[in-house]
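The values are calculated or read from the model by the stated rules, or taken from the named source; none is laboratory data. Note that the coordinates shown come from a computational prediction; the quantities given were computed from them, not determined experimentally. All Cβ positions, glycine included, derive from the backbone under ideal geometry; neighbour counts span all protein chains shown. All accessible areas refer to the heavy atoms of the entire protein, side chains included, with ligands and DNA or RNA removed. Shrake-Rupley method; radii C 1.70, N 1.55, O 1.52, S 1.80 Å.
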Amino acid sequence: MGVRLILAAILSVAAAAPAWSEPLAVTEIAPGIFVHQGVIAEPAPDNRGDTANIGFIVGGSGVAVIDTGGTPELGRRLRETIAARTDKPPVVVINTHMHPDHVFGNAAFEGVPIIGHANLRDALAARIEVYRRRLADELGAEAAAGIAPVRVDRPVGEEVRIDLGDRVIVLTAHPTAHTNNDLTVFDRQTGTLFTGDLLFLDHLPAVDGSAVGWLRVIDALGRIPAVRAVPGHGPAAVDWPGALDPERRYLTTLVEGVRRVLKAGGSIQEAVAHVAEDERDRWLLFDVYNPRNVTATFAELEWE
């Protein structure tokens, strides 16, 4: 009886555990446009690094993959999902920026050309070992095994158009904002815009480039004639360009708050303690990212 109970308990736990080896769940948000939504959280064993939105666009002759996830395992599961949805092969992987939650799945797409911002290769190369060690610390050495070497086969300096077969997508490289290597992907056929981390919803925006520059890029993004947008984190948005408003408000509050502290001769510690506090209840992960954002923006504006 005891053995049966133990076996039943093991089977129950196994049945309740996430099926990490299965293909990723995706939603077809428009004809031929598929999105997998990551959880809004820091990478951890319970989410296996599945924290960023990734997706793919199916054309008449091939598939464009938009980011690949935060581990090689997630990339493999994404590739299985693509194969389950279409017989068209992946013909290009597009990385929207350098952060590991968007690019470490590239390992599953060996032989598929990778496209990114002209600054992506150098920016990622400078940080990849730090990112690799962090992933091993967060998820274990096994999760970090097999991360692909840095590869950008086609850098984008301004704009590139790709024909997937009766479906043209437009890739646009942006000035420094979230990072110095942000790229967006616009599907003209459905009016769907993949913003990468130039748009956050629910998840507090993270400044790893320039808050002031980001506000300028937001203005440019708002002029794109999209119907819907897929942010880097958070739910796919149908209200465009209204989806930009919460992020614009936060970044404006951040910049103006830091400027006030600097004008009053205040310290960076004072800025971290007080700037953008009114935004706390409007975002998830506020305590993780707001101190970093204030620190980065203080350094950016200190000699303005």
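Things worth noting here:
- Per-residue packing, averaged as other Cβ atoms within 10 Å, sorts the ranges 264-271, 217-224 into the order 217-224, 264-271, beginning with the highest.
- Taken per residue, the accessible surface of region 154-304 reaches 44 Å², heavy atoms only and a 1.4 Å probe.
- Each Cα pair of region 28-183 feeds into the Kirkwood radius, which the Stokes-Einstein equation turns, at 20 °C and 1.002 mPa s, into a diffusion coefficient of 137 µm²/s.
- Antiparallel content of DSSP bridges confined to region 142-277, in %, to 5: 75 percent
- Ala83-Asp166 pseudo-label distance in nm [points 7 Å out on the Cα-to-Cβ vector]: 2.6 nm
- Peptides ranked, highest mean first, by Cβ atoms within 10 Å: ranges 133-142, 36-45, 74-83: 74-83, 36-45, 133-142
- The simple spin-label model puts a point 7 Å past each Cα toward its Cβ; for Glu158 and Ala141 those points are separated by 4.9 nm.
- Of the chymotrypsin sites (Phe, Trp or Tyr not before Pro) in region 118-226, those whose Cβ has at most 10 other Cβ within 10 Å and which sit in DSSP loop: none
- Semi-axis lengths, largest first, of the ellipsoid equivalent to region 16-78 are 22, 11, 11 Å, with √(5λ) applied to each eigenvalue of the Cα gyration tensor.
- The mean sequence distance of close C-alpha pairs (under 8 Å, at least 6 residues apart), as a share of the length of the chain, puts its relative contact order at 13 percent.
- Sorted from longest to shortest, the spans of the Cα atoms of the chain along the three principal axes equal 70, 58, 35 Å.
- Carbon and sulfur %, accessible surface of the chain computed with the full protein complex present, 1.4 Å: 54 percent
- Full extension of the chain segment joining Asp46 with Arg132 gains 29.1 nm, where the gain is 0.36 nm per residue of separation less the Cα-Cα distance.
- With contacts taken as Cα pairs under 8 Å and at least 6 residues apart, region 180-304 reaches a relative contact order of 28 percent.
- In terms of packing, defined here as the mean over residues of other Cβ atoms within 10 angstrom, the peptides 165-172, 288-295, 95-102, 230-237 line up highest first as 95-102, 230-237, 288-295, 165-172.
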